[in-house]
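This report refers to the structure that appears directly beneath it.
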Amino acid sequence: MTIDSALPALTYILIFPGFVFLAAYGLFLQWFDRRLAAVMQNRVGPPWYQPVADLVKLLAKEVIVPEACDTVMFKALPYFAIAAVVTSALMIPVWTDAVYSFQGDLVVVIYLLTIPTVTFFLAGWSSTSPYATIGAMRVLTQLFAYEVPLMLSIIGPAILAGTWNISEIAGFFTSHKIYMLAQIPGLLVALLALQGKLERVPFDIPHAKNEIVGGQFTEYSGRLLGFFCLAVDMEMVVGAALVNAIFLGGTLGAFGILGFAVFLVKTMAVVFLLVLLKVLMGRVRIDQMVRFCWQILAPLCLAQILLDIFIKTLNLN
Amino acid sequence: MSKMTIPLGPQHPALKEPVNFTLVLEGEQITGSAVNLGYNHRGVEKAAENRTFLQDIYLIERICGICSHSHTTCYVTCVEEIAKAEVPERAKAIRTLVGELERVHSHLLWLGIAGYEMGFETLFMYTWRDREQVLDCLELVSGNRVHYGINTIGGVRRDITPGQKTEILKRLAILEERTKYYVKLGTEEATVLARTQNVGLLPHDIALERGAVGPTARASNVKRDVRKDAPYLIYDKLDFNLITHNTNDVFGRLVVRVLELVESYKMIRQILNYLPEGPIAVKVPAKIGPGEAVNRYEAPRGEDIHYVKANGTDKPERAKVRAPTMANYPSVSYMLDGGYLADVPMVIAAIDPCMSCTDRAMVYNTKTDKVQIYGWDELRKYGIEQYKKKGVDFSKL
């Protein structure tokens, strides 16, 4: 590989749509989330630079590693989480087709997005403190609850579009806009499952502060905690972009600056829905969440898949 | 799965005051629990013996930041009983009014805390915003938001003007409107129901056996309310219902408190319309007694008991306080056993605990199996030595 071809690849990973873009937009979305929630709750909310200030403050603080834990793993985990999220961003269309687009990238993204959750579990488990251990167990239990509905909800649109390529699914819905209406149940399930993935109310069970203080991150501090928080923010961007591409037709055929603007507006709209879910309810218990995901969300997804298969056969005839 | 012991407190996000619950967990399930008190014993009773009856009002007001009026009213009633002072009817009405406004502010505060403990922050923000209305009323009446300082021996310190009356009625209308919304929210919202129903069960007979008081007892269908059982102030002239619920769980306690809000609004209207003409205080001599009196008062958290003994000087010989939280602690350990870790904050919050109001300290020698009694000077010496061992020297203070 020559330097010429290596350079753009590096820019993709480091700048756009990789680390820098994800971090900047992730921090913006964190502010957007906090501000919207504040307005809905009749509060003022933080100024726009608050997430940046929080991150800078955390980066400057001392890192304390518990004596009893596995030091190397404890320190490496936040970077694994960030790397997995940044890699998954490369396969998601931002203003045009994704940087790396191939048949089956949908499956790859789903698996890459599981890695941060696994690092959260390992982070809690390797901390060895009681609160973190309980948090870690909850992370894993929660993973088994929301992961299946999330995957099932994404299969429906893929079957309808007849492809495993995210960019092609977005393209399909751009040209067949009316089919988007049939995806509303799947979209709702995906939003709820995403809420579980991002560990937000009503599924912020792993780090429920009234019960287990900081949950899996209890022992984390300083730079390492900052990177974990950043990974969660980035995951929100990727999650919103994924929902946008799969259920809402991506950029709707717009290119360049206009396409980018459409992307921003639509991901913010997805985040708006996530905020709405967050402020409308309280936290549920882990057993209630597992029951809800398997008894309500999973069957709903199966119904969605059946509907999509039905539409597809109708179309072929 | 192996058993795990986790501490909840004395410093914990779910607790606003220092107390420790040691929980033995099997997975998410609790198999054993213990309550440890004594982190914030302030020696209020002892301090009360060194102050005059009048000064003690302001000390006793500071037992609790939320039910401050309950404690002072209970205390001054004891003192007036010993002094055989006849409190004017108007003063009694004003005391009742502030007492009911205090109940409204305490129950709204509790509703917010309950929302916070179940992760429902919107409920927390909403109730605390609306609570400002009643705090404004209290400020209007007494000049203060939290420690009203309206009681004095023989009556009250401030009168209520017709202007204040219309202002309170105006704010009451807003609160009534909002409370309708909370009744609807508390009984219909899915996550609130999921987190409160069948959580922290306290059956009727256990509630009686463990001596639960206040809304905790009433949610277990125990008809226990000092305002009805032994009416004090002007409660015998007011028309209100005793709210009980039969679900025995946190949901019942929520419903009882929210419906008590509605009853309190009703009472505040009645008091404002009743308000007899006349003086607001009578003169009581500074030196009282000898004699003793014990009184009960229905604080927002339950039955509050004060005992005062006077010996003819201007200082009490003994003042004794039993805050309602003390009576509810035995029920907490029953409610925690067998529950889930996720429900612990809800169960503890459901008794509306006030740790510092109720704190007790006792020196127990495990070797000789005896309780040791310390005098004031001995205790001071013991404290200084204890901290010297930790490297802090207080002996020069």
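Values in this text are rule-based calculations from the coordinates and carry no lab data. All figures in this text were calculated on a predicted structure; none of them were measured in a lab. Cβ placement follows ideal geometry from the backbone for every residue including glycine, while neighbour counts extend to all protein chains displayed.
Odds and ends about this structure:
- With Cα atoms as the point set, the protein assembly as shown shows a radius of gyration and Dmax of 30.4, 103 Å.
- Ranked for footprinting exposure by Cβ neighbours inside 10 Å, fewest first, B:His69, A:His176 give A:His176, B:His69.
- With 20 Å as the limit, the listed pairs B:Lys223/B:Lys320; B:Lys92/B:Lys283; B:Lys16/B:Lys390; B:Lys16/B:Lys389 have B:Lys223/B:Lys320; B:Lys16/B:Lys390; B:Lys16/B:Lys389 beyond it between alpha carbons.
- Anchor B:Lys266: lysines whose Cα lies under 17 Å away (excluding residues fewer than 8 positions away in-chain): B:Lys165, B:Lys170, B:Lys180, B:Lys228, B:Lys237
- What the Kirkwood sum gives for region A:226-296 is a hydrodynamic radius of 14.2 Å, with every pair of different alpha carbons counted.
- Top of A:Pro149, A:Pro46, A:Pro93 by mean-square fluctuation, Gaussian network on chain A, Cα under 10 Å: A:Pro46
- Note: relative contact order over chain A, using C-alpha pairs below 8 Å and six or more positions apart, is 27 percent.
- Residue (of A:Tyr146, A:Asn42, A:Phe16) at the positive-pole extreme of chain A, dipole from beta-carbon charges: A:Asn42
- Percent of alpha-carbon pairs separated by more than 28 Å within region A:1-136: 36
- Charge tally for B:Leu254 (other residues, Cβ to Cβ under 14 Å; Lys, Arg +1; Asp, Glu -1): -2.
- The relative contact order of chain B, computed from alpha carbon pairs under 8 Å that lie at least 6 residues apart in sequence, is 23 percent.
- Rg/Rh for chain A (Cα atoms only, Rh after Kirkwood) is 0.97.
- Charge tally for A:Val243 (other residues, Cβ to Cβ under 13 Å; Lys, Arg +1; Asp, Glu -1): +1.
- Under Karplus coefficients 6.51, -1.76 and 1.60, residue-wise ³J(HN,Hα) of region B:263-268 in Hz, glycine/proline x: 4, 5, 4, 4, 5, 4
- Calculated FRET efficiency for the pair A:Tyr111/A:Ser175, C-beta based, R₀ 25 Å, to 0.05: 0.30
- Cβ-placed point charges (K, R +1; D, E -1), dipole of region B:199-354 about Cα centre in debye, nearest 20: 480
- Whole-number D in µm²/s for region B:44-325 (Stokes-Einstein; Kirkwood sum over Cα pairs; 25 °C, 0.890 mPa s): 126
- The string of couplings for region A:28-42 from the Karplus curve (6.51, -1.76, 1.60, θ = phi - 60°) is 4, 5, 4, 5, 4, 4, 5, 5, 4, 4, 4, 5, 5, 8, 6 Hz, one whole number per residue in order, with x for Gly and Pro.
- For B:Phe120, the shell of other residues with beta-carbons less than 11 Å away shows a net charge of 0, using +1 for Lys and Arg and -1 for Asp and Glu.
- Across region B:307-366, Cα-Cα pairs more than 14 Å apart make up 68 percent of the total.
- Under a Gaussian network description of chain A, with springs only between Cα atoms under 10 Å, the residue in A:Leu188, A:Leu150, A:Leu29 that fluctuates furthest is A:Leu188.
- Residue order, fewest to most beta carbons within 10 Å, for A:Arg291, A:Arg34: A:Arg291, A:Arg34
- Only one residue of B:Met355, A:Val243, A:Ser129 has its Cα farthest out toward the positive end of the dipole of the protein assembly as shown, where Lys and Arg carry +1 and Asp and Glu -1 on Cβ, and that residue is B:Met355.
- Computed per residue of the protein assembly as shown from DSSP H runs no shorter than four, each worth -39500 (n - 2.57), the mean residue ellipticity at 222 nm is -19000 deg cm²/dmol.
- Difference of contour (0.36 nm per residue) and Cα-Cα distance, B:Asp205 to B:Asn144: 17.8 nm
- A simple charge model with +1 on the Cβ of Lys and Arg, -1 on the Cβ of Asp and Glu and nothing else charged puts the dipole of chain B at about 880 debye relative to its Cα centre.
- A DSSP coil position with no more than 14 other Cβ atoms inside 10 Å describes the following trypsin sites (Lys or Arg not before Pro) in region B:178-282: B:Lys223.
- Dipole of the protein assembly as shown, positive end: most advanced residue of A:Ile178, B:His245, B:Thr166 [Cβ charges, Cα centre]: B:Thr166
- Reachable lysines, given that their alpha-carbon falls under 21 Å from the alpha-carbon of A:Lys61 and they are not under 8 places away in the same chain: A:Lys75
- Mean-square fluctuations from a GNM of chain A, with a 10 angstrom spring cutoff on Cα atoms, peak among A:Thr119, A:Thr141, A:Thr71 at A:Thr71.
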